[in-house]
């Protein structure tokens, strides 16, 4: 039986980020992934790097992660593009909510600015008339998530980690069993996202389906990643289905359009009524997009924990089993910070931010 | 807006036309949908100078003007779900609901990568025919036709008729195979006549068997090719190279509808019974979709499906003709089988995905097409893997993938604007 300092199950953005940190710390590492690297929710994701400020714990983790992403801005494979985020206020009420957001962001050191109405249209002339203003976070970015996962994995492999292209079928007393009946022994870190219940049924996990549409190449129409200020209501609300305006300029000149959220649909098929709702919301903010060509529509499943915060830490009641999963729509942003938080705890080191809000014991207890 | 029809037919080549005429003759209200401006499909594409081929001219105008057939030209099917198609044309989008659906959306060319294949001046063999018939100037240009199969003869005839100087036809199959195929043609007298007629029109143009184009040469545009014949390798100056290695069924719509595919070949085809019924109730498939069979298979299968779709009697002699036509297709596939030389044409630096400029060597080390796509963008471009996906399947590198919505690039407004006011569609 092969023995490792750590066996990471899952090579999405979370598993590969953990592999990067663990291998850099000198751990003898195995990574278990039967499918394409970053081929699950990571490949389906938009890849925005954005600080969400409405939950202090989430803000701390996203801000910590955004700083870690700065080390990857020049990796071609990751396609880091610092387009900035422009939150759009459609009315005076939404505009009035901005000063409080600015204060929350400033408290953790994120610089953002209020954008007056006239300036909004200078920045993004394609926006629909009649909007109230917005808030810009200049240093935020978009990345190409599967490229990032591949890069993080390659770094771990270059440091001597071993990739097992197999399915982990079960946790054993001291490791994992693979689908060829072979065993690996050592501490296990489960980073399988929405598939978590297969190995850790004690940690509740729901799937939240999303749709995305990508256009043909139309450079110069949109300059920032654009979100409606109501985005957080869609992201954090618990409605069975919701849509919110979220559009990105990709470095290819393509425009990536989201977003939708649905509970209760495990079917990966594209739902045209949901696409219609999502695009209708998009046209409300960017009417000029109606004439662009859509090349591709796809769906993905966000892994959602019991309370919306990821599980990062030791699995209660299990010996030497760790978990990093359940990041909903913020997995790309928070991957690097999540990995540090888990590996630091695993090595009994102090963590850069408070780890207790993510402790899986909060749920299992 | 939703229009409702008894029968919706996708594709107005011989298969779709025959199906439309048959269904309408039984009293059904029919929608005949095609992306092109004129009916006829690829094989009966209307030539702006010379019109339709004789047989097509005799039937197409009466079919598209039939009072019970609504002819929807320049209309793309962009999505399908149970019982309805989402359509788009230049100005609008709407839904067509149907009782039965007949898929007759044919095949596309198999383009295989080789050094220089993306140079301007290099086209598919069918591509050259389409361009010539749409008025692309060929007069006085030196053209070489290469690849495999009888379609090369048809391409050469079209090029010659439009004034090109055809320097030669280079067939990859060896002379023995081509002769065996020709000797067996007596079983299909129509095909034999057609072959004789094509050869007659190509008198004086050399036909080389066992020959493969190794490279297309030129800086900004095609200037010459390097061709390997049984007598050795030789350069040849030319302005145009039309190269065709056969056809690939357009199965994406059938896949989206959930039709069971026959997985025997690398490209997949729709599985149907003798009445052309697919595995999905109410969905029929005819012609190239069920395996490359040519015009005669498509026509007779369209006739059968058009009757069966509306519950009319299907005559036993049509079923005999259907089998006979399919035997021709099998003979064709057998004698013009692609040789290993054709599969070895691409070099490591040859582009495989021309939408995203991905060379063959970039795909090394990837277990499947999806993994390669995520890492290299291969197949992520405007054609969504139609060209490179088929080539990679043919070359045995990655198996073909599934259907990805939408079926074709589509205006966002078609997907995002509410489609309201369902009403009964009317025929023209």
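Since every read-out is calculated from the coordinates, none of them should be taken as a lab result. The structure presented is a predicted model; accordingly, all values stated were derived computationally and were not measured. Positions of Cβ are backbone-derived with ideal geometry, glycine not excepted, and every protein chain shown enters the neighbour counts.
Go ahead and run the numbers for FRET between residue A:139 and residue B:262, Cβ-Cβ distance against an R0 of 45 Å, rounding to 0.05.
Rounded to the nearest 0.05, the efficiency is 0.25.
What percent antiparallel are the DSSP beta bridges of chain B, to the nearest 5?
Counting only bridges with both partners in chain B, antiparallel ones make up about 45 percent.
What does the extension gain come out to for residue A:162 and residue A:180, with contour length at 0.36 nm per residue minus their alpha carbon separation?
4.8 nm
Once you sort the root eigenvalues of the Cα gyration tensor of segment A:323-365 as a ≥ b ≥ c, which label holds: rounded (a/c under 1.5), prolate (a/b larger than b/c) or oblate (the other case)?
Because a/c hits 1.5 or more and a/b fails to exceed b/c, segment A:323-365 counts as oblate.
In the protein assembly as shown, what % of DSSP beta bridges are antiparallel (nearest 5)?
Around 60 percent of the beta bridges assigned by DSSP in the protein assembly as shown are antiparallel ones.
Of the candidates B:200, B:246, B:385, which one comes out as most mobile in a Gaussian network treatment of chain B with C-alpha springs shorter than 10 Å?
Of B:200, B:246, B:385, the most mobile in the Gaussian network model is B:200.
Build a GNM of chain A with springs between Cα atoms under 10 Å: which of A:31, A:214, A:353 gets the top mean-square fluctuation?
Per the Cα network of chain A with a 10 Å cutoff, A:353 tops the list.
Going by C-beta contacts inside 10 Å, put B:181, B:398 in order with the fewest on the left.
B:181, B:398
In segment B:65-159, what % of DSSP beta bridges are antiparallel (nearest 5)?
Given both bridge residues lie in segment B:65-159, the antiparallel proportion sits at roughly 100 percent.
Quick one: Cα centre-to-centre distance for segment A:296-365 and segment B:324-344, in angstrom?
56 Å
Counting alpha carbon pairs within less than 8 Å and at least 6 residues apart, what relative contact order, in whole percent, applies to segment A:134-253? Before the final figure, lay out each step's value.
On the way: 86 pairs, mean separation 19.3, N = 120.
For segment A:134-253, the relative contact order is 16 percent.
Can you give me the distance in nm between label points at residue A:290 and residue A:113, each placed 7 Å from the Cα along the Cα-to-Cβ direction?
Placing both labels 7 Å along Cα→Cβ, they lie 3.3 nm apart.
Counting other C-beta atoms within 10 Å, which of B:214, A:340 has the fewest, and how do the rest follow?
On the way: B:214 20, A:340 24.
With the fewest neighbours first, B:214, A:340 line up as B:214, A:340.
Where does each of B:373, B:313 land when they are ranked from fewest to most other beta-carbon atoms within 10 angstrom? Kindly include the intermediate steps, with their values, before the conclusion.
On the way: B:373 26, B:313 8.
Least crowded to most crowded, the residues run B:313, B:373.
Any idea what the alpha-carbon Rg over 2.2 N^0.38 Å comes to for the protein assembly as shown?
Normalised Rg, Cα atoms only: 1.06.
Given the options B:46, B:191, B:337, state which has the largest fluctuation in a GNM of chain B using a 10 Å cut-off (strictly under) for Cα springs.
Of B:46, B:191, B:337, the Gaussian network model singles out B:191 as fluctuating most.
What shape does segment A:58-127 have by the C-alpha gyration tensor, where a ≥ b ≥ c are the square roots of the eigenvalues, rounded means a/c under 1.5, and otherwise prolate means a/b greater than b/c and oblate the rest?
oblate
Restricting to Cα pairs below 8 Å that are 6+ residues apart, what does the relative contact order work out to for chain A? Please round to a whole percent.
Relative contact order here is 24 percent.
Would you compute, from DSSP H runs of 4+ residues alone, the mean residue ellipticity of chain A at 222 nm, taking -39500 (n - 2.57) per run and dividing by the full residue count, rounded to the nearest 500?
Calculated mean residue ellipticity at 222 nm is -8500 deg cm²/dmol.
In nm, give the distance between the simple-model label positions of residue B:349 and residue B:165, each being 7 Å from the Cα along the Cα-to-Cβ direction.
The two pseudo-label positions are separated by 3.3 nm.
Describe numerically, in nm with one decimal, the distance between label points set 7 Å from Cα along Cα→Cβ at residue B:118 and at residue B:192.
Each label point is offset 7 Å from its Cα along the Cβ direction, giving 4.7 nm.
Can you tell me how much longer the chain between residue B:134 and residue B:182 gets when fully stretched, taken as 0.36 nm per residue apart minus their C-alpha distance, in nm with one decimal? Spell out each step's value before the answer.
Details: separation 48, 0.36 × 48 = 17.28 nm, distance 3.14 nm.
Separation in residues times 0.36 nm, less the Cα-Cα distance, equals 14.1 nm.
Please label the shape of segment B:114-229 as rounded, prolate or oblate, based on the square roots a ≥ b ≥ c of the eigenvalues of the alpha-carbon gyration tensor (a/c under 1.5 means rounded; beyond that, a/b larger than b/c means prolate, else oblate).
oblate
Nearest 500 deg cm²/dmol is fine: what mean residue ellipticity at 222 nm does chain B get from its DSSP H runs of n ≥ 4 alone, each adding -39,500 (n - 2.57), divided by its residue count? If you can, show how the numbers build up before the last one.
Details: 13 runs with 133 residues, N = 428.
Roughly -9000 deg cm²/dmol at 222 nm, from the helical runs in chain B.
Could you give the C-alpha radius of gyration of segment A:108-203 expressed as a fraction of 2.2 N^0.38 Å, taking N as the number of residues it contains?
Details: Rg = 23.1 Å, N = 96, 2.2 N^0.38 = 12.5 Å.
In units of the 2.2 N^0.38 Å rule of thumb, it is 1.86.
For segment B:310-426, report the % of Cα-Cα distances exceeding 26 Å.
Values: 3424 of 6786 pairs.
Here the long-distance tail beyond 26 Å is 50 percent of all Cα pairs in segment B:310-426.
What number, in percent, do you get for the relative contact order of chain B if the mean sequence gap of Cα pairs under 8 Å and at least 6 apart is divided by its residue count?
RCO, chain B: 21 percent.
Residue A:75 label point, 7 Å along Cα→Cβ, cut-off 14 Å on backbone N: hits in segment A:135-173?
Counting only backbone N, you get A:143-159.
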